[in-house]
Amino acid sequence: MDVVFGFGAIFIAAVAGGAFGLQYRVQRKYTVTNTALISLFFATIAVPLIVIHFLLPGWWDVLVDTEPRVFWLVFVLGFGWGLGAITYAFGFNLLGMALAAALIKGIAIGIGSGIPLFRRWDAPELTVGSKTLTIIGITVLLVGTWISGRAGILRERELQGAREAPGPTPSGGGGKSVLWMGMVWCLISGVLSACANLGYEFGEPLEQKYGAMAAAGELQQTEPYNFTLIRWMPMWWGGMAALFVCMGGAMIRDGSWRNYSKAGTARDLFVASSMGVVHFLAQYPYGVGEYFLGELGTTVGWAVNIGMALIVAAGIGFLCGEWKGASKSSVKTILTGIFVLLGAIVLLGFAKALEAAPVG
């Protein structure tokens with residue numbers, strides 16, 4: 001039941017993560033920076049502070065008592081994740097959800113899953129079979145993302161011409177310049193987006209500290225899986241710091257900060273803030289799911305989370321009309337990519353099943 005609950009929580013996170021980019025497709029008067037700053041403020045500051053107040057009373061004492069290097073390492077990784085969120089937004093706007101998600105998430109899978117697996121390689125719970133099948137599953141997942149990305153490129157070639165991404169982008173124009181600029185943004189974003197899982201991985205001492213203090217009666221006892229929430233806090237703050245520096249500075253330079261006070265922007269404000277709540281649900285449930293998946297949590301859990309989110313993003317791309325007018329060949333390619341991703345998720349599920357019982 002723990003495995004079922006773990007994958008169930010990760011599925012919730014994946015659906016929320018796959019839907020997050022939708023806000024950039026429906027904005028009207030906000031720029032990309034306007035939308036991203038509001039949504040991620042809610043995702044990293046407003047909502048987490050409310051939730052952690054009720055789920056982990058005394059959490060601040062844990063942060064104060066934990067070794068500073070742990071806090072700052074997670075904070076720096078969070079800063080990198082924040083930079084990834086910035087390039088993520090531009091990538092979506094330039095390439096569309098299907099292609100951008102394939103590039104970004106493929107890179108994030110390799111880095112975000114590979115490093116935790118390497119760190120836990122000698123854990124007694126990890127059998128040869130579980131490690132082998134995990135590597136195979138991640139490889140198949142990368143193949144699925146490549147096929148999905150290939151489908152997006154085929155679609156771009158077919159529909160190329162007058163397409164112009166909604167909202168302002170880092171560079172004007174269209175055609176090949178837009179395609180290659182979008183791919184550069186996605187490459188950078190993929191590397192930086194992996195910092196989300198790495199920040200969570202290296203934040204484990206915070207969770208352990210809270211658990212120890214709760215067991216000693218120094219803090220109010222709660223469900224152990226809620227302890228994972230504290231891992232995210234320094235990372236979220238680091239991410240928000242990156243957004244304030246980069247996006248806030250960009251809005252001051254181009255004057256787009258004025259959009260917040262313009263008439264008729266209430267709809268965009270509502271969309272951005274509500275998508276911030278959605279983005280919170282793309283991370284906290286992932287931590288809960290990782291808790292129930294044990295040693296392979298940040299490896300298998302991250303890969304499955306990304307794979308599912310990619311499938312959701314591709315589905316939203318269809319609903320938003322991104323594939324309207326595309327050839328049957330490109331549509332079959334993206335469907336093949338989705339099928340391969342589903343197969344990889346099944347393989348990773350079996351990898352978890354091969355994990356040995358915890359020692360002691």
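FYI, it's all coordinate maths here, none of it is from the lab. Since we're looking at a predicted model, the values are computed, not measured. A quick note on method: Cβ atoms are made from the backbone with ideal geometry, for glycine too, and the neighbour counts reach across all protein chains shown.
Structure remark: mean-square fluctuation, Gaussian network model of the chain, C-alpha springs under 10 Å; the largest value among Thr336, Thr298, Thr134 belongs to Thr336. Of the residues Trp232, Trp237, Trp146, the one with the fewest other Cβ atoms within 10 Å heads the list, and the complete ranking is Trp146, Trp237, Trp232. Note on the chain: with a GNM built from Cα contacts shorter than 10 Å, the maximum mean-square fluctuation among Ile252, Ile316, Ile115 falls on Ile252. With neighbour counts taken as other beta-carbon atoms within 10 Å, the residues Lys209, Lys324, Lys105 rank, fewest first, as Lys324, Lys209, Lys105.
Counting each DSSP H run of 4 or more residues in the chain as -39500 (n - 2.57), what helix-only mean residue ellipticity at 222 nm follows after dividing by all residues, to the nearest 500 deg cm²/dmol? About -23500 deg cm²/dmol.
Each label point was placed 7 Å from the Cα along the Cα-to-Cβ direction; for Glu125 and Phe318 their separation is 3.6 nm.
Taking a ≥ b ≥ c as the square roots of the eigenvalues of the alpha carbon gyration tensor, the range 266-360 is oblate, as a/c is not under 1.5 and a/b does not beat b/c. Each label point was placed 7 Å from the Cα along the Cα-to-Cβ direction; for Lys29 and Glu218 their separation is 5.1 nm. A straight Cα-to-Cα reach below 16 Å connects Lys209 with the aspartates and glutamates Asp61, Asp65, Glu67, Glu201, Glu218, Glu223, residues fewer than 8 places away in its own chain not being considered. Seen from Arg267, the other residues with C-beta closer than 12 Å to its C-beta sum to a net charge of +2, counting Lys and Arg as +1 and Asp and Glu as -1.
Residues Cys320, Cys186 in ascending order of nearby Cβ atoms (within 10 Å, fewest first): Cys320, Cys186.
How big is D for the chain, in µm² s⁻¹ as a whole number, if Stokes-Einstein is applied with the Kirkwood radius of its Cα pairs at 10 °C and 1.306 mPa s? Walk me through the numbers before you get to the answer.
Working: Rh = 20.7 Å.
Translational diffusion coefficient: 77 µm²/s.
For the pair His53 and Ala263, the difference between a 0.36 nm per residue extended length and the Cα-Cα distance amounts to 72.1 nm. Using a simple spin-label model with pseudo-atoms 7 Å out from Cα toward Cβ, Trp180 and Val245 lie 3.0 nm apart.
Between Gly337, Gly114, Gly82, the residue with the greatest mean-square fluctuation in the GNM of the chain (Cα pairs under 10 Å linked by springs) is Gly114.
Round to the nearest 0.05 the FRET efficiency obtained for Thr139 and Glu204 when R0 = 41 Å and r is the Cβ-Cβ distance. Before the final figure, lay out the partial values.
Working: r = 26 Å, r/R0 = 0.64.
Efficiency for this residue pair is about 0.95.
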